[in-house]
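The values are calculated or read from the model by the stated rules, or taken from the named source; none is laboratory data. Quick caveat: nothing in here was measured; it's all calculated off a predicted structure. Here the Cβ positions follow ideal geometry from the backbone for every residue, glycine too, while neighbour counts run over all protein chains shown.
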Amino acid sequence: MKRFTVLLICILLAAFTMTPQSVFAAESRYARAATRTAYFFTDRNTTSSIFAVPYTYCVEVIRDEGDWYYVRYASDTGIYKALYGYCRRDDFTLESGTPDVTFLHKTVTVNYSANNNNSTLPVLSQIAVEAAYYGTYYSGATVYSYVYCQGSFGYIEGANDDYPLNLTEEKPTDGDGSQGGSDKNKGGFNVGAIVAIVILAVLVAVILIIYFATRKPRKEG
């Protein structure tokens with residue numbers, strides 16, 4: 001019996017470790033910019049805004065802090081770098097699931113020019129580099145774009161807000177009026193968690209069957 005118990009524990013632990021971690025991970029939450037002035041702040045202070053999150057695009061909500069969300073915008077992919085900060089709750093609409101498109105990926109060209117007419121060498125008069133666009137920032141009558149370029153964040157002149165809107169598509173409805181499709185969160189169930197529970201239950205059932213089938217009967221007397 002002790003050997004059986006140890007075997008059962010080992011198999012259950014092995015099944016648990018082999019189950020994809022996505023089954024047990026918390027679902028990411030996203031909020032969509034509901035206005036063109038949905039600003040991203042470095043602190044929970046309205047004077048710390050650095051850019052407006054592109055209209056209809058999203059931030060990942062890490063936690064709620066009253067009237068504020070602590071969020072992540074963008075990710076460490078390509079020329080982009082993830083930014084962590086705060087957004088006003090009233091400026092965003094919380095999504096019920098993970099949108100097909102979350103962050104805006106848009107590049108802009110930053111031109112560096114140098115005037116050196118006295119040099120006899122072939123000096124490059126202009127250099128163009130690619131920068132990651134994050135959002136627009138208004139300073140009085142002047143419009144800037146907040147970008148990440150060559151390992152640094154900063155501003156360049158111009159709005160660069162000619163991006164396509166991230167509009168959600170209406171899903172087809174079933175006969176009862178509910179949305180159809182293969183949404184893994186439909187009905188509030190985590191399909192991965194259900195699959196993991198079923199696998200563990202089957203393993204336990206198989207072990208019990210083997211145990212009772214191979215158990216030696218007790219001798220009477």
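For region 136-161, enumerate the residues that are at positive phi and in contact (Cβ under 8 Å) with a residue 12 or more places away in the chain. Matches in region 136-161: Gln150, Gly158, Asn160. Answer yes or no as to whether Glu157 is surrounded by 10 or more Cβ atoms within 10 Å (Cβ to Cβ), at pLDDT 90 or above and in contact with a strand residue (DSSP E or B) (Cβ under 9 Å, 6 or more places away or on another chain). In short, no.
In this structure, does Thr214 turn out to be of a type in the set (Val, Ile, Thr), exposed (fewer than 10 other Cβ atoms within 10 Å of the Cβ) and modelled with pLDDT of 65 or more? Quick ask: steps written out before the conclusion?
On the way: of a type in the set (Val, Ile, Thr): yes; exposed (fewer than 10 other Cβ atoms within 10 Å of the Cβ): yes; modelled with pLDDT of 65 or more: yes.
Yes, satisfied.
Residue check: is Ser48 out of contact with any strand residue (DSSP E or B) (no Cβ under 9 Å at 6 or more places or on another chain) and either at pLDDT below 95 or surrounded by fewer than 16 Cβ atoms within 10 Å (Cβ to Cβ) (or both)? Criteria not met by Ser48.
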